[in-house]
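Visitor: Below is the structure I would like to discuss, written out as structure tokens.
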Amino acid sequence: MIMSQIAENLAAVRARIVSAAQSSGRDAGSVRLLAVSKTFPATAIAEAYAAGQRSFGENRIQEIEAKAPALPSGIEWHLIGHLQANKVRSAVKWTTWIHSVDSLDLLNRIDRIAGEEGRRPNVLLEVNISGEKSKFGFSPKDAGDIAPLAAAMPNLRMAGLMTMAPMEASPEVLHQVFGGLRQLRDRIAGEYRIDLPVLSMGMSGDFEIAIAEGATIVRIGTAIFGHR
Ligand SMILES: *Cc1c(COP(=O)(O)O)cnc(C)c1O
């Protein structure tokens, strides 16, 4: 059988996830692969779907709205980019996961609109662990203050935390950033006795280190679909 390039890339990424999980003594089944399809056409997503991939991530809700109608309804869409207040209704309608919640206003709005739409999205708080000015996300302290409020909201499931590492960071820094997100999660979960099972961290260039530090969702674009 001739595999498509995307199917081949997916198989290679899956194999790397398994071996990264095994080297850190984790069950490979505890790491989910989110295929980040931003800027790629629906045909590329269909190829990945044919190769068994079901979860896809996009930065912009408009891209999901444009691509989803042409694709199988079995796809689970994740929003991973900054969400504007006026796009919350579309996000709630089209996605089941929002990784990039970065303000209390946004959380309140997601909760209200999800209630109106009869949905209950999975929500992650984006945390700026590295402290870079260019990044969205809560400070670790603010994430700690907001998480228990989010956990009490009826129309969303507060599932965990998300972060992005700095570009071109050394392995040491990557371990600090990803390990920092895990420690923050452990602290918040222990302090408020809330269940925060999900850590969304790791991209094409750094996902093996993220898995070593406890990632449960890795968000991978380039290694599957090629360069944007
Ligand atoms: C684009 C993007 C990714 C995927 O990055 P790659 O380096 O292409 O794997 C992951 N997470 C977020 C938030 C992104 O914007």
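Visitor: Out of residues 5 or more away from Phe138 or on other chains, whose amide H comes under 5 Å of its own, with H placed 1.01 Å from N in the peptide plane?
Guide: Residues meeting the criterion, in which the H sits 1.01 Å from N, are Glu126, Val127, Asn128.
Visitor: Right, next: Mind checking which aspartates and glutamates have their Cα closer than 13 Å to the Cα of Lys93? Skip sequence neighbours fewer than 8 apart in that chain.
Guide: By straight Cα distance, Lys93 reaches Glu65, Glu76, Asp111, Glu116, Glu117.
Visitor: Rounded to whole Hz and in sequence order, give me ³J(HN,Hα) for region 120-136 from the Karplus expression 6.51 cos²θ - 1.76 cosθ + 1.60, θ = phi - 60°, writing x for Gly and Pro.
Guide: Per-residue couplings from phi come out as 8, x, 7, 10, 10, 8, 7, 10, 8, 6, 6, x, 5, 5, 6, 9, 6 Hz.
Visitor: For region 1-131, what class follows from the C-alpha gyration tensor (a ≥ b ≥ c being the square roots of its eigenvalues): rounded when a/c is under 1.5, otherwise prolate if a/b is larger than b/c, else oblate?
Guide: In terms of gyration-tensor shape, oblate.
Visitor: Work out from phi, with θ = phi - 60° and the Karplus expression 6.51 cos²θ - 1.76 cosθ + 1.60, the ³J(HN,Hα) of each residue of region 88-100, listed in order in whole Hz, and give x for Gly and Pro.
Guide: 5, 4, 4, 4, 5, 6, 9, 10, 10, 9, 10, 8, 10
Visitor: With a 10 Å radius around each residue's Cβ, average the other Cβ atoms per peptide and rank 17-24, 66-73, highest first.
Guide: The densest-packed peptide leads the list: 17-24, 66-73.
Visitor: Give me the distance between the Cα centres of region 171-226 and region 22-41, rounded to whole Å.
Guide: 11 Å
Visitor: List every residue whose amide H lies under 5 Å from the amide H of Ala165, counting only residues 5 or more places away in sequence or on a different chain, with H placed 1.01 Å from N in the peptide plane.
Guide: Result for Ala165 returns Gly202.
Visitor: Something else about it: Out of all Cα-Cα pairs in region 57-190, roughly what percent, to the nearest whole number, are more than 22 Å apart?
Guide: Result: 38 percent of Cα pairs exceed 22 Å.
Visitor: In a GNM of the chain with a 10 Å cut-off on Cα contacts, which of Gly179, Gly115, Gly160 has the highest mean-square fluctuation?
Guide: Result for the chain, Cα springs under 10 Å: Gly115 fluctuates most.
Visitor: Who wins for biggest fluctuation among Ala159, Ala35, Ala51 in a Gaussian network model of the chain, springs between alpha carbons below 10 Å?
Guide: Among Ala159, Ala35, Ala51, the largest GNM mean-square fluctuation belongs to Ala51.
Visitor: Here's something else I'd like to know. Using a Debye calculation, one point per C-alpha and no hydration shell, please list log10 I(q)/I(0) for region 62-128 at q = 0.23 Å⁻¹ in order.
Guide: -0.99
Visitor: OK, next. Which whole-number percent of Cα pairs in region 127-185 have a distance greater than 16 Å?
Guide: Summing the P(r) tail past 16 Å for region 127-185 gives 46 percent.
Visitor: Using only the alpha carbons, work out the radius of gyration and Dmax of the chain in angstrom.
Guide: Considering the chain through its Cα atoms, Rg and Dmax are 16.9, 53 Å.
Visitor: Do you know the relative contact order of region 175-228, to the nearest whole percent, from alpha carbon pairs under 8 angstrom that are 6+ apart?
Guide: Dividing the mean separation by the residue count of region 175-228 yields 34 percent.
Visitor: In sequence order, what are the phi-derived ³J(HN,Hα) couplings for region 152-165 according to the Karplus relation 6.51 cos²θ - 1.76 cosθ + 1.60 with θ = phi - 60°, rounded to whole Hz, with x for glycine and proline?
Guide: 8, 7, x, 9, 9, 10, 6, 9, x, 10, 10, 8, 10, 7
Visitor: Okay, moving on. Suppose a student asked you for the relative contact order of the chain, using Cα pairs under 8 Å spaced at least 6 residues apart; what percent would you report? Spell out each step's value before the answer.
Guide: Values: 414 pairs, mean separation 46.5, N = 228.
Value for the chain: 20 percent.
Rule-based calculations on the coordinates, nothing more; no lab input. Please read these numbers as outputs of a predicted model, since none were measured by experiment. All Cβ positions, glycine included, derive from the backbone under ideal geometry; neighbour counts span all protein chains shown.
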